[in-house]
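The values are calculated or read from the model by the stated rules, or taken from the named source; none is laboratory data. In this text the structure is predicted, and so the values were computed from the model without any measurement. When we count neighbours, we look across all protein chains shown, and the Cβ atoms used for this are built from the backbone with ideal geometry, even at glycine. Each accessible area value is taken on the protein alone, full model and side chains, heavy atoms only, with ligands, DNA and RNA left out. Shrake-Rupley method; radii C 1.70, N 1.55, O 1.52, S 1.80 Å.
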Amino acid sequence: MRKALRWLLSLVVLIGTVSAAGAATAATRPEAADIKDRLLSVPGMSLIEEKPYSGYRYFVLDYVQPVDHRHPSKGTFKQRLTVLHKDTNRPTVFYTSGYNVSTNPGRSEPTRIVDGNQVSLEYRFFTPSRPAPADWSKLDIWQAASDQHRIFQALKPVYDKNWLATGGSKGGMTATYYERFYPRDMDGVVAYVAPNDVVNNEDSAYDRFFETVGTKECRDRLNAVQREALVRRAPLQKMYAAESAASGATFTTVGTLDKAYEAVVLDLVWGFWQYHLEAECPQVPDAKTVSDEDLYAYVDAISGWSFYTDQGLDPYTPYYYQAGTQMGSPNIQLPHLKGLTKYGYQPPRNFVPRSIPMKFQPSVMRDVDTWVKHHATRMLYVYGQNDPWGAERFRLGKGAKDSYVYTAPGANHGANVAGLVADEKAKATERILAWAGVAPAAVSAAKPLATYDAKLDRANTKHDRTLRP
């Protein structure tokens, strides 16, 4: 009897958000005209706070989700989301970073282009959007896509114009996976710098990238600094140990300070090209003359000595879990470091607590890749020429319709439509506007409909640091 009662209570919590029609009835009743009232009339939605921003209403919200969409009676959790409200007569952009959601107002590039509303969602299992207790087997790309699907169903009656999905890096991957599993929800997808690791143990594309990116002079300079940091492992590691002790940092997850030290150093070259520009090459120190202190500081600036501590890794446990179970991760060759590395590129398993079981599923990314090649419709991919993550990217096949893959020259992991060459920029902007269903005259003009706002439109594809998309 108690078990039946618990099931019934769970069903009551979830009812209405499973059905778009039920949400429509609640969200459009005449007495709920204010947008806040309309949002909060959605079953399972609750307000954390409203923040003022000129020209918008901005809400930080929680939404009740099932831990397991296949078995919604088996527990729920609250998932954090935000709504940047412009007008219910405007298109809506569904933004995901694939990580935490910022609780400060921000606007993705497609949102500015279409001058629309933006719903931003925190990825499941990133805190505070984590079930308690956490059943990590329920952290997969289908469950996350189903989170988006339910929120779309709940909010579509409020924002009934066209919707676009977008995100940068892991967020671009997330937007792609959502489209793969729920291709009828969105009217278009704009995915930025989205990696696509189809075969996890075949990473030669990354090796070819690092052999040709930038100039030879810059590559040699970076490789020399990386090598020097391993040659001087002893004195630099003393600095690392002292700094870690002073801050209370520990190394239980990765195993030892030595493993963490090498992981940070091996991130150096990748991190430079991911987040920096070729114009910054002259700032790379001379490996022959740089002092220990300056070398230590440079590695810290590019890679971050604190990252592979327990405290640095903890917020990203969900990412490494997914990299080690479905999404894959890179493993590049390092010929310039021969004889100096002890561990090489360490697998995601090393960065997730051993109490969390992991098993890799090689078919998952192959399925997504095949679907994109043969079924992509109204999908746009934007990559940066000098971004390592673009070495393994999504590519379109003969079955794709009204879909495009563009590369921004000289750009890094922050590549966007604005950085494309003129004709591709115009085409991409025109298609985004068309997918959003705006007026034909605006589509023909192929220009963003909202003016640039330095605070709202800050770059949003640099979520973290190196070796994490």
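Every residue, every condition in (1) at pLDDT 95 or above; (2) more than 24 Å from Glu179 (Cα to Cα); (3) under 22 Å from the mean Cα position of the chain (by Cα), yes or no:
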residue	(1), (2), (3)
Tyr404	yes, no, yes
Ala408	yes, no, yes
Ala411	yes, yes, yes
Lys425	yes, no, no
Arg431	yes, no, no
Trp435	yes, no, no
Val438	yes, no, no
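Return the only residue of Asp300, Asp294, Asp286 being of a type in the set (Asp, Glu) and in a loop (DSSP other than H, G, I, E, B). Working first, answer last.
Details: Asp300 fails: in a loop (DSSP other than H, G, I, E, B); Asp294 fails: in a loop (DSSP other than H, G, I, E, B).
Among Asp300, Asp294, Asp286, only Asp286 is of a type in the set (Asp, Glu) and in a loop (DSSP other than H, G, I, E, B).
Within the range 345-361, is there a residue that is part of a helix (DSSP H, G or I), without any contact (Cβ under 8 Å) to a residue 40 or more places away in the chain and open to solvent by less than 60 Å² (accessible area, probe 1.4 Å)? Explain how you work it out, then say what you get.
Going residue by residue through the range 345-361, those that are part of a helix (DSSP H, G or I) are 348-351.
Among the residues that remain, those that are also without any contact (Cβ under 8 Å) to a residue 40 or more places away in the chain are: 348-349.
Still in the list and also open to solvent by less than 60 Å² (accessible area, probe 1.4 Å): 348-349.
Within the range 345-361 (the criterion being part of a helix (DSSP H, G or I), without any contact (Cβ under 8 Å) to a residue 40 or more places away in the chain and open to solvent by less than 60 Å² (accessible area, probe 1.4 Å)), the answer is yes, since at least one residue qualifies.
Would you be able to say whether some residue in the range 353-376 is of a type outside the set (A, V, I, L, M), within 22 Å of Tyr177 (Cβ to Cβ), at pLDDT 95 or above and in contact with a Pro (Cβ under 8 Å, 6 or more places away or on another chain)?
yes
Pairs, please: C-beta under 9 Å, at least 6 apart or cross-chain, first residue assigned to a loop (DSSP other than H, G, I, E, B) and in the range 180-195, second basic (Lys, Arg) and open to solvent by less than 10 Å² (accessible area, probe 1.4 Å)?
If the second residue must be basic (Lys, Arg) and open to solvent by less than 10 Å² (accessible area, probe 1.4 Å), the pairs left are Ala194/Lys170.
Check off (1) open to solvent by less than 30 Å² (accessible area, probe 1.4 Å); (2) in a helix (DSSP H, G or I); (3) more than 30 Å from Ile356 (Cα to Cα); (4) in contact (Cβ under 8 Å) with a residue 60 or more places away in the chain for Gly214 and give me the number that stays unchecked.
Here Gly214 meets the rest and fails (2).
What are the residues in the range 390-434 that are aromatic (Phe, Trp, Tyr) and open to solvent by 10 Å² or more (accessible area, probe 1.4 Å), if any? So that I can check it myself, show each step before the final result.
Applying the first criterion (aromatic (Phe, Trp, Tyr)) to the range 390-434 yields 394, 404, 406.
Across the range 390-434, the qualifying residues are Tyr404, Tyr406.
List, please: which pairs have Cβ atoms under 9 Å, are six or more places apart or on different chains, and start with a residue in the range 81-103 that is free of Cβ contacts under 8 Å to residues at least 12 places away in the same chain and under 17 Å from Asp62 (Cβ atoms) and end with one that is in a strand (DSSP E or B) and open to solvent by less than 10 Å² (accessible area, probe 1.4 Å)?
Here the result reads none, with nothing in the range 81-103 linked to a residue that is in a strand (DSSP E or B) and open to solvent by less than 10 Å² (accessible area, probe 1.4 Å).
What about Ala279, is it more than 27 Å from the chain's Cα centre (by Cα), of a type in the set (A, V, I, L, M), open to solvent by 50 Å² or more (accessible area, probe 1.4 Å) and more than 24 Å from Lys338 (Cα to Cα)? Walk me through how you get there before you give the answer.
Numbers: more than 27 Å from the chain's Cα centre (by Cα): no; of a type in the set (A, V, I, L, M): yes; open to solvent by 50 Å² or more (accessible area, probe 1.4 Å): yes; more than 24 Å from Lys338 (Cα to Cα): yes.
When the stated conditions are applied, Ala279 does not pass them.
The rows are residues; the columns are (1) among the aliphatic types (A, V, I, L, M); (2) closer than 24 Å to Ala323 by Cβ; (3) touching a Ser or Thr at 6+ places or on another chain (Cβ under 8 Å); (4) open to solvent by 10 Å² or more (accessible area, probe 1.4 Å).
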site: Thr88; (1), (2), (3), (4): no, no, no, yes
site: Thr96; (1), (2), (3), (4): no, yes, yes, no
site: Val101; (1), (2), (3), (4): yes, yes, yes, yes
site: Gly106; (1), (2), (3), (4): no, no, yes, yes
site: Asn117; (1), (2), (3), (4): no, no, yes, no
site: Thr127; (1), (2), (3), (4): no, yes, no, yes
site: Lys138; (1), (2), (3), (4): no, yes, no, yes
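Which residues, counting only those in the range 299-331, are in contact with a helix residue (DSSP H, G or I) (Cβ under 9 Å, 6 or more places away or on another chain), within 20 Å of Tyr275 (Cα to Cα) and surrounded by fewer than 19 Cβ atoms within 10 Å (Cβ to Cβ)?
Asp300, Gly304, Ser306, Asn331
Scan the range 144-164 residue by residue and report those that are open to solvent by less than 10 Å² (accessible area, probe 1.4 Å) and farther than 17 Å from Arg124 by Cα. Break it down into steps so the answer makes sense when it comes.
Keep residues of the range 144-164 that are open to solvent by less than 10 Å² (accessible area, probe 1.4 Å), which gives 144-148, 151, 154-155, 158-159, 163-164.
Passing the criteria: Ala154, Leu155, Val158, Tyr159, Trp163, Leu164.
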